[in-house]
Amino acid sequence: MRIYTKNGDKGFTRLANGLGLVKSDVRLDAIGDIDELNCHLGLLICHVDAKLAAKLTSIQSSLFVLGAHVASDSSDSLGNMKLISLHDIVSLEEMIDEMDEQLTPMRFFILPGGHDTIAKAQIARTVCRRAERSLIRWVQDAKKTDYDTSIAFLNRLSDYLFMMCRYLHHTLGIPEIPWNSGK
């Protein structure tokens, strides 16, 4: 099978369920932003310890499931693949709490950076926020009612990634960079 079909050369594409769309459709924004987030997590995995890598790999699988659901409304193409569940959100919250227990309370806003790995995690966090906004736009435009948990998952994932940045500062011995508002 060839990787190129030339079908998209004029700005159109087909989803997994066969539905044709212009590439500027908000649904494709959501799919693309979720995919980009997954790629940033893949990059981050290359720079963290095995424990964090395993957690991020599990999150990547959840993002693939979310992307598949956004890309198809067809039960034929989705099979018995379940959408994001409350369990996935609780799992993120437990991981956040586990890291938070090891950190001092946050006393100031933190500038992104300080270390290459931390900067990668901050980029993943901001891409996660964009993916969340894109998913919300598509859900609202398409009047979908079954994506509330998925939206909450992305919201919690950005919290997890922020906490991971703080945790990385701690474990790498890199001081957090406080934001000086000038006030």
Contour minus end-to-end for ARG2 and PHE108, with contour as 0.36 nm per residue of separation and end-to-end as the Cα-Cα distance?
32.9 nm
Degrees between helix 148-172 axis and first principal axis of the chain (Cα, 0 to 90, nearest 10)
30
For region 1-132, calculate the relative contact order in percent as a whole number, restricting contacts to Cα pairs under 8 Å that are 6 or more residues apart.
30
Could you count how many Lys pairs in the chain have their Cα atoms under 27 Å apart, skipping same-chain pairs fewer than 8 positions apart?
11
FRET efficiency estimate (nearest 0.05) - Cβ-Cβ, LEU21 to ASP100, R0 35 angstrom:
0.30
So for the pair LYS144, MET81, with labels modelled 7 Å out along Cα→Cβ, what separation do we get in nm?
1.2
Tell me, LYS120, LYS10, LYS183 in order of fewest to most beta-carbon neighbours within 10 Å?
LYS183, LYS10, LYS120
Test of understanding: extend the Cα→C-beta vector of HIS115 to 7 Å, then name every residue of region 141-174 with backbone N under 12 Å from that spot.
164-174
Could you give the nm distance between label points at PHE64 and ARG137, where each point is 7 Å from its Cα heading toward the beta carbon?
2.7
If you rank CYS46, CYS128 by fewest surrounding Cβ atoms within 10 Å, what's the result?
CYS46, CYS128
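No lab work stands behind these numbers, since they all come straight from the coordinates. Just so we're clear, the structure is a prediction, and the values are computed from it rather than from any experiment. Every residue, glycine as well, gets a Cβ built from its backbone with ideal geometry; the counts of neighbours run over all protein chains shown.
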